[in-house]
1. Mean-square fluctuation check for chain B, GNM, Cα pairs under 10 Å: which of B:ASN30, B:ASN229, B:ASN263 is largest?
2. What's the Cα-based Rg to Rh of region A:46-182, Rh via Kirkwood?
3. Tell me, what ³J(HN,Hα) does each residue in region A:235-243 have, in order and in whole Hz, if you take phi through Karplus 6.51 cos²θ - 1.76 cosθ + 1.60 with θ = phi - 60° and put x for Gly and Pro?
4. Show me, for region B:255-265, the HN-Hα J-couplings you get by feeding each phi into the Karplus relation (A = 6.51, B = -1.76, C = 1.60, θ = phi - 60°), rounded to Hz, glycine and proline as x.
5. Which order results if B:VAL237, A:VAL89 are arranged by neighbouring Cβ count within 10 Å, fewest first?
6. Beyond 20 Å, what share of the Cα-Cα pairs of region B:83-165 is found? Please give it as a whole percent.
7. In region A:225-257, which trypsin sites (Lys or Arg not before Pro) fall in coil by DSSP and have 15 or fewer other Cβ atoms within 10 Å?
8. Over the alpha carbons of region B:46-293, what is the largest minus smallest coordinate on each principal axis, giving the biggest first in Å?
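Since every read-out is calculated from the coordinates, none of them should be taken as a lab result. Note that this is a predicted model, so its numbers are computed, not measured. As a convention, Cβ positions derive from the backbone with ideal geometry for all residues, glycine included, and neighbour counts pool all protein chains shown.
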Amino acid sequence: MNEDRLRRNLANWTLRIILIFFTVIFVYPFIWNLICSIKTNTEYLTDPYALPSSIHIENYVNAFKKANMGAYFLNSVYVVILSVGLLMVFVIPAAYVLARYRFKGSKVITTLYMACIFLQPTYIMIPLFLEVQKINGLNNLTVLSLVYAVMQFPFAIFTLLGFIEALPTGYEEAARIDGGTNFGILIRVVVPLCKPGIATITMLTAMGFWSEYPLALVLVTDELKRTIPIGLANLFEVQKYATDWGAMFAGLIIVLIPTLIIYLIGQKQLLQGITLGGIKG
Amino acid sequence: MKKKPTLFIAVCLIPTLLLTIGLMVIPMCNAVYLSFTDSTALSTAQTRQFIGLENYIYMFKDKSFIQALGNTMKLLLVVPVVTLFFSLIFAFLLTQSRIREKGFYRSVFFFPSVISLTVVGIIWSFVFNPTKGILNHILAFLKLENLQHAWLGESKTALWCVAAALIWQAAGYYMVMYIASIDGISEEVYEAAAIDGAGAFQKFKCITVPLLRNTIGITYVLALSGTINLSFTLSNVMTAGGPNGASSVLLQYMYTQGMRNANYGYSMSIAMFTLLMAIILAVISRKVTHNNEG
């Protein structure tokens, strides 16, 4: 018995060492960046691996003020909130109708959305650029949010459709007998029942919108209207020639913090969403 | 269903549908159409010419395109297989072990796949930085200075730096899918195997992999499409396709042709070629995994 436990302990520790090794590979680059973000330029340039003499918060101030990361941050917050809102407003009613009614064309529409799941926005970024340019929508964060929302219609409809179809119809029928209108039932009965599905979609798409790169790259050309991934990429590009490394590292951490917070709060929903049929990019 | 509330259905569906058509279907049709024209930033709807397959023929005489195609192929051969290999190993280790803190490892491995690809690109640029980079620093520490490279600056290594970043950010994502599938395998199967004296490796080879064949097939298709798509952002951020196109990939060349050179027609033929290639690869790999099943 004792020997058995010893063997199991040994196996556990071998495993642990392997897992810790990979943990270091996954975590160390982040920590290295975090440490660099509180160093002065000279400290970074003389030895990027030494610990800083003191914490240099001014890198963050510089990133926010001089490197415009503050403005980009707010732009991104606006885009994420608006696009998630738009997505829900358009997708919940559509998914509900597609799940509950059979009518002429309902099959075709469902198939269309299924097919579109595989269409990555990168492929159509140039026709989208030309179209948005034609309606004078470039450099408009509201237009960008609408485009973001539409790009996630297929995934969101697909996920919600499955969710609503699995709900029992009893609640809706009861509400109907009580004289509820269709819209009333949708908002007061169906939406509350769909909360877990909605939460999952919100988590996944909000993360995606926060990080989106290709569309923001072509649809926003005005420096002040940039979203944070583009702003950061640009800051990185510029730093190759300029010298404010600290602000660049600080900018990177600024982009990461909201993601980390949502990740810690909503990991369960994220994991569920991916096992439902994930998206990325 | 009794009476259909036509008005309600229309109000719920038509705005969503119109937006989908306007911002997805029409751009897609435009992409196909433009790929058969000589459209540029200077041409208008009147002056642009329909030139049939000329763009598609020109592609194969264009050295930069061939280079981008070759680079994409190299990534497609290596990245999905290596990523899924690590994902499977992680998933297997985390589901089979009785370690208390395994939830922690899962969170850590999964995290890189939810962060911005721009951040991934920048972080890995610093790993591969020739003078300050983590990799060269480790090599120096191990007294392996002769293995040091300029990594992103050398045409031989630049593409593989992009590949490393791709694998690093995607492994945890597929791991999560595998964990869900392995949780679906009955505990008893593993217990029975343990009683018959199967070790961890045998369990992995004889139970996990065969029972996950279908999931592996699906994730392989996702990883192929992900590699094509995500390599655009990483290559753009890390190397901008350089040095001399050594790390350019198809969608990035499409972007260069479309946005930098404003050759919309040619750019879209590259996009359509890439999309077609992605679809064909997906169909083939689905066929292969399905056949093996039966």
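1. Evaluated over chain B, the most mobile residue of the options is B:ASN30.
2. Rg divided by Rh gives 1.18.
3. 4, 4, 4, 5, 5, 4, 10, 8, 10
4. Whole-Hz 3J(HN,Hα) from phi for region B:255-265: 5, 4, 5, x, 8, 7, 9, 6, 8, 4, x.
5. Numbers: B:VAL237 25, A:VAL89 13.
By the 10 Å Cβ count, ascending, the order reads A:VAL89, B:VAL237.
6. Result for the distance tail: 50 percent.
7. Working: sites: A:LYS225, A:ARG226, A:LYS240; in loops: A:ARG226, A:LYS240.
Here the trypsin sites (Lys or Arg not before Pro) that fit, given the DSSP loop and packing criteria, are A:LYS240.
8. Principal-axis extents of region B:46-293 (Cα, largest first): 74, 49, 28 Å.
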